[in-house]
1. Residue separation times 0.36 nm, minus the C-alpha to C-alpha distance between A:D356 and A:H256: what's the value?
2. For the range B:91-114, list whatever residues lose no less than 30 Å² of accessible surface once every protein chain is in place, relative to that chain by itself, with the probe at 1.4 Å.
3. How large is the Rg to Rh ratio of the range A:1-124 when both quantities use alpha carbon positions and Rh follows Kirkwood?
4. List the equivalent ellipsoid semi-axes of chain B in whole Å, largest first, each obtained as the square root of 5λ for an eigenvalue λ of the Cα gyration tensor.
5. How big is the range A:184-248 by Rg and Dmax over its Cα atoms, in Å?
6. Applying the Karplus parametrisation 6.51 cos²θ - 1.76 cosθ + 1.60 with θ = phi - 60° to the phi angles of the range A:39-45, what ³J(HN,Hα) value in whole Hz is obtained for each residue in order, glycine and proline being reported as x?
7. Within 10 Å of each Cβ in B:130-140, how many Cβ atoms from other chains are there, averaged over the peptide?
8. What does the charge add up to near A:P311, with Lys and Arg as +1, Asp and Glu as -1, over the other residues with Cβ less than 14 Å from its Cβ?
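The values are calculated or read from the model by the stated rules, or taken from the named source; none is laboratory data. Everything quoted here is computed from the prediction, not taken from an experiment. Here the Cβ positions follow ideal geometry from the backbone for every residue, glycine too, while neighbour counts run over all protein chains shown. Remember, those area values only see protein heavy atoms, side chains included, never the ligands or the DNA or RNA. Shrake-Rupley method; radii C 1.70, N 1.55, O 1.52, S 1.80 Å.
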Amino acid sequence: MYKYDSYDQAMVDTRVEEFRDQVKRRLEGHITEDQFKPLRLMNGLYLQLHAYMLRVAVPYGTLSSAQMRMLGDIADKYDRGYGHFTTRQNIQYNWIKLEEAPDILADLAKVEMHAIQTSGNCIRNTTSDQYAGAAADEVIDPRPYAELIRQWSTFHPEFSFLPRKFKMAVIASDTDRAAMRLHDIGIQLVRNEMGEIGAAFYVGGGMGRTPMIAPLINPFVPIDQMITYSEACLRVYNRYGRRDNKYKARIKILVHELGKEDYTAQVEAEFLHLLSQNIEPPLDELSRIKAQFVDPPFDAAAPDTIDRSDPDFALWNDTNCLPHKKPGYIAVTISLKPVGGIPGDASADQMRLMADLAREYSFDECRVTHAQNIVLPHVRKADLYTLWQQLDTAGLGTANLDRIGDIIACPGLDYCSLANARSIPVAQKISERLSDKSAAIGELKLKISGCINACGHHHAGHIGILGVDRKGVENYQLLLGGCEGADTSLGQITGPGFDEDGIVDAVEKTTEVYLAARQDGERFLDTYRRVGMAPFKEALYG
Amino acid sequence: MAEPQYRFRDDEPVGDPAVTVDSFGDQSNAAAVRIEPGDDARALLPHLERIRLVEVNFPVFGDGRGYSAARILREAGYQGELRAVGDVLVDQVAFLRRCGFDAFAPEVPLNPADAEAAFIRFDNVYQPTIDGRTPIWALRHG
């Protein structure tokens, strides 16, 4: 894992003092809420429906056990004993007092964490594949490249007042586990015929009210030009992105309106100019970072078999574990989606337990996933059963990764001041209604947003649900056929919306149509793509 | 013309009124120009030699186009005064300085103590820009 040096630590410590000063000015009435708003937003502090919410950055989703433990302690000390892991691999606390926010940042800084640029119209936390460094299919570990981007984007002087927020993701596998093409810039690290690493740039993806899949604008940027190329992409956006309408201000609209060719030509011209400015960190810096992401000391003699005699364990093993690049090891997903629970929430005790388990069984490391779960990336197969027993006892052993109960949901109207409808109760009801059929249904990614801003990724759900406000009543629209990953597609709306109970029925009916039409172990998505919308519509509205 | 509250230059301030970017090319005796957010700073590049003052207007602090305009001018070798005017707030001045601004004329004067702290708060920076500060990666690798 990346370890701060004195420069990184000073940056974060200085920010804490700056924010303490800003909060003091606000509390003493020297600045108005209007003047304070952009300052708190740059520090991830939002004023929500009931309290302040603080969003803490988890760069590329990687946490040490000490960091995870601190997140649990903060939940106890400053919140109501829990936290909420988000679709951008971050964590949010929903019940924060303004006067305590600087102390939280100070506690975070003790474990090399911060809330810098977790909100505001700037470059946000860079996300990555939750199995980085463990996945058998990766070209290279993407995290050092994401760390390089983290440093470059931190307090970037030119790009702190962009037209709108800006999200980047870096992956290094053909299987996209980070929804890379639904980011403002998605980077896939690739290897060319000469064996050199380069960055394929996908620019202008996003969800929100106008979902777009990012087009590939450059298939191979040499790795020692990746930062310069990013800077060129951002500069064209900062100069020409729309600022007249907040809802048309994301880079996807610029790329769409200019067209991919014109946007790319402008980026290439700016890139050529910026190459003369020597802004690229040297490869020595990348090597320094890479040295901190070397493999942990894997045991080459680790047994490669698992005792699967306990059927509940075997089910969890089949559902929640991913092959590891090293024999004798396996990557484990801890589901934060218990039946009827709040997707992505973890209690302080659960966070501390996961910290302990990461230390004991996963070389001190865990990951947050964009699907709001936690991964222990490097578990010895020989330890798997003991690990599962401890998880199960703590309510963390649900076997539902990528199943219908593994729902992504935004905080919705229970917390968020932008929401039109509640998301959490709908997720809870669907999870309860369909948990018995989960294994029979198999892979099915269900995603719920409580407004068209799409924080719950409903466009990318195999089944997506969008909550809207219809004449003062919450109404839920159903979408089918969305998908993130290498075969990214956007869901299509089925027809008129449903009320809260109606949407739960509609999801159940949808699964019934699928089970009746399924051929040869098809996933829901495969069946939908084969048979189309018609039979689903017929069952829902016929 | 907005008088700067802060000016990090030793030369004599330019007294000429600033003209707009689109009229600047036709006024061969003008030495001061004002950039609005929608203007293309690169339109000034053929005239850099005779420009002594560029005012960049920030009608609202959240419109960050002026940061790119400033860097583009400095990257092209512009040496004259670069003045930020308009809705310039204390928490933007360090970023503006990094993009090449060396004079500040905020619509609402900044609290002097807050501004002085803001200009010098961070000892180091992650990115190189035309302000000449050594980025952290260069400090690491000597």
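1. Result: 31.3 nm gained on full extension.
2. With the partner chains in place, the range B:91-114 has these residues losing at least 30 Å²: B:D91, B:F95, B:D114.
3. 0.94
4. Sorted largest first and rounded, they come to 25, 18, 13 Å.
5. 13.8, 46
6. Using θ = phi - 60°, the values come out as 6, 5, 5, 5, 10, x, 9 Hz.
7. The shielding value for this peptide is 4.
8. Once positives and negatives cancel, what remains is -4.
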